[in-house]
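Only one structure is covered here, and it is reproduced in the block below.
The values are calculated or read from the model by the stated rules, or taken from the named source; none is laboratory data. Keep in mind that what you see is a predicted model, and the values were worked out from it rather than measured. Reconstructed Cβ throughout: ideal geometry from the backbone, glycine too, with neighbour counts over all protein chains shown. Side chains included, ligands, DNA and RNA excluded: accessible areas come from the protein's heavy atoms. Shrake-Rupley method; radii C 1.70, N 1.55, O 1.52, S 1.80 Å.
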Amino acid sequence: MENILVIGSSGQIGSELTLALRKVYGNNNVFATDIRESSKEITQSGPFHLLDVLDEKRLIHFVIRYKITQIYILAAVLSGNAEKLPLQAWDINMKSLLNILDLSREVGIKKVFWPSSIAVFGKTTPKVNTPQLTIMEPNTVYGISKLAGERWCEYYNYKYDMDIRSIRYPGLISYKTEAGGGTTDYAVEIFYDAIEKGSYDCFLKSDTKLPMMFMPDAIRGTVELMESEKSVLKIKSSYNLSGISFDPQQLSDEIKKFIPEFKISYNPDFRQSIADTWPQSIDDSNARTDWGWKSDYDLNKMTSIMLEEIKNKFETKI
Ligand code: AKB
């Protein structure tokens, strides 16, 4: 039997991944934790505990008490926020991972999942169809912490023969929990403003093309990676994963197909210089070959679901 610990169940990924894991492993076997309260869907469908990943003593006590066998560590400070408080962000992003890696080695956790990001790439990386293995000189604190994290994951995998798995997520687009502090967040905010105000003032330039992914793809990809046989997984650091690539103008044009009067304006801020260092599209052939990854959602399908679901959200609030 598996007992799964999810750290960061209130965040954008955690709020959906926890529910998906409960479907696979059973509600009572997936322990949701965060430093803040999670949604009712999570707290009412299975165990939820307030837990700080930086509190090593409580963490180890928790893992032993609930006989945890797998850990998903999703707590992180994202790219935009990390630039505001670089040293704190580095501290949180690295300490949380290292606490889990070392605890997992000590108590013999079977599998660990840790999210990396397209932020591991930088200005000197080829921008189009960015390969799995390429120049990696990230120019943001978040990117530096993710690249260092990948190296630590690979190190623990080889040195201690552990099973730590990871994905370099593109910008994630979802409607259940809003993103917070990232550079790709515009692609979530735009849907809320399109419905609420009929317009959006974008903090990136119109032609800033970035790799993105609809959350259902990201969740399925994560579960599929974690369910794969260890022997097929050749990448021991983190897998490139590709969904949809688009720029703000293309997203706005797609929204206009559903809301013809929608208007977009552009007012780039500090996040533009972060986005300028990231790839435009990702080559995920290693993930396709090793564990059969394939994305399901294109721009049109994602836009139509996002608009529908966010409209429902506003209507049920009224
Ligand atoms: C961010 O924008 O910081 C994140 C990411 C691409 O990892 N969404």
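Every residue, every condition in (1) among the small types (Gly, Ala, Ser); (2) under 22 Å from GLY108 (Cα atoms); (3) surrounded by 23 or more Cβ atoms within 10 Å (Cβ to Cβ), yes or no:
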site	(1), (2), (3)
ILE7	no, yes, yes
GLN12	no, no, yes
LEU19	no, no, no
LYS23	no, no, no
ILE35	no, no, no
GLU41	no, no, no
GLY46	yes, no, no
ASP55	no, yes, no
State the number of residues belonging to segment 246-294 that are of a type in the set (Ser, Thr, Tyr) and over 16 Å from ILE190 (Cβ atoms).
5
Taking helices (runs of 4 or more DSSP H) that fall entirely within segment 256-318, which contain at least 1 residues that are within 17 Å of CYS202 (Cβ to Cβ)?
271-275, 299-317
Could you pull out every one of the strands (runs of 3 or more DSSP E) wholly within segment 140-221 that has 1 or more residues that are within 13 Å of the ligand (Cβ to nearest atom) and open to solvent by 20 Å² or more (accessible area, probe 1.4 Å)?
none
Residue by residue through segment 110-139, note down the ones that are among the hydrophobic types (A, V, I, L, M, F, W, C) and either within 16 Å of the ligand (Cβ to nearest atom) or closer than 25 Å to GLU224 by Cα (or both).
VAL112, PHE113, TRP114, ILE118, ALA119, VAL120, PHE121, LEU133, MET136
Residues of segment 57-76 being surrounded by fewer than 22 Cβ atoms within 10 Å (Cβ to Cβ) and more than 14 Å from LEU5 (Cβ to Cβ), which ones?
LYS57
Within segment 225-241, identify whether any single residue is outside the structural domain of GLN70 (by TED's automatic domain parsing), among the hydrophobic types (A, V, I, L, M, F, W, C) and part of a helix (DSSP H, G or I), and answer yes or no.
no
Flag if SER79 is open to solvent by less than 20 Å² (accessible area, probe 1.4 Å), farther than 23 Å from LEU225 by Cα and either within 14 Å of the ligand (Cβ to nearest atom) or not assigned by TED's automatic domain parsing to the domain that holds GLY14 (or both)
yes
Scanning segment 106-115 for residues that are in contact with a Lys or Arg (Cβ under 9 Å, 6 or more places away or on another chain) and under 9 Å from MET162 (Cα atoms), which turns out most open to solvent (accessible area, probe 1.4 Å)?
LYS111
